[in-house]
Amino acid sequence: PSVKSLFNTGVMLYLVGLGVLLLLGLISDSQTSRAWTPDASAILYEKYWKLHGGVEAISNRGDGVGKSLLALGAQYGWQLAGMMLIGAALMRSGWLKGQFSLRHY
């Protein structure tokens, strides 16, 4: 791929990432999350799996980690991929290698 197509694809992916962040921000609930203010049933369930441990505790933590990683990928994966392509284009063009005159920088 040419430098221009790498750069343009990177910019497009980064803009898609910004769009995803804006969309997630708009659809998120403005009320406080139940994770921050749990009700009595959530506290009772957490007490149960902490005291009994085992498969229930592993399952609960696995679900939490999985959801966090999915959210992280959905939010920042697009932007990361875009920035990597932009960096590759700038490296390929010589701009990041310092191949231009000092006056240019």
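The values are calculated or read from the model by the stated rules, or taken from the named source; none is laboratory data. None of these values were measured; they are calculated from a predicted model. Positions of Cβ are backbone-derived with ideal geometry, glycine not excepted, and every protein chain shown enters the neighbour counts.
For the stretch 75-105, filtering for residues that are surrounded by 14 or more Cβ atoms within 10 Å (Cβ to Cβ) and either in contact with a strand residue (DSSP E or B) (Cβ under 6 Å, 6 or more places away or on another chain) or in a loop (DSSP other than H, G, I, E, B) (or both) leaves 1.
If you go through the stretch 1-17 and keep only what is closer than 8 Å to Ile86 by Cα and aliphatic (A, V, I, L, M), you end up with Leu6, Val11.
Figure legend. Inter-residue proximity from the stretch 48-72: first residues assigned to a helix (DSSP H, G or I), second residues small (Gly, Ala, Ser) and at pLDDT below 85, beta-carbon distance below 6 Å, spacing 6+ or different chains. Indicated pairs: Trp49/Ala57. For beta carbons closer than 6 Å, sequence separation of 6+ or different chains, a first residue in the stretch 85-101 that is under 10 Å from Leu6 (Cβ atoms) and modelled with pLDDT under 95 and a second that is exposed (fewer than 12 other Cβ atoms within 10 Å of the Cβ) and of a type in the set (A, V, I, L, M), there are no qualifying pairs. Checking the conditions here, which among Ala35, Ala42, Ala71 is modelled with pLDDT under 90 and exposed (fewer than 10 other Cβ atoms within 10 Å of the Cβ)? That would be Ala35, the only listed residue that is modelled with pLDDT under 90 and exposed (fewer than 10 other Cβ atoms within 10 Å of the Cβ).
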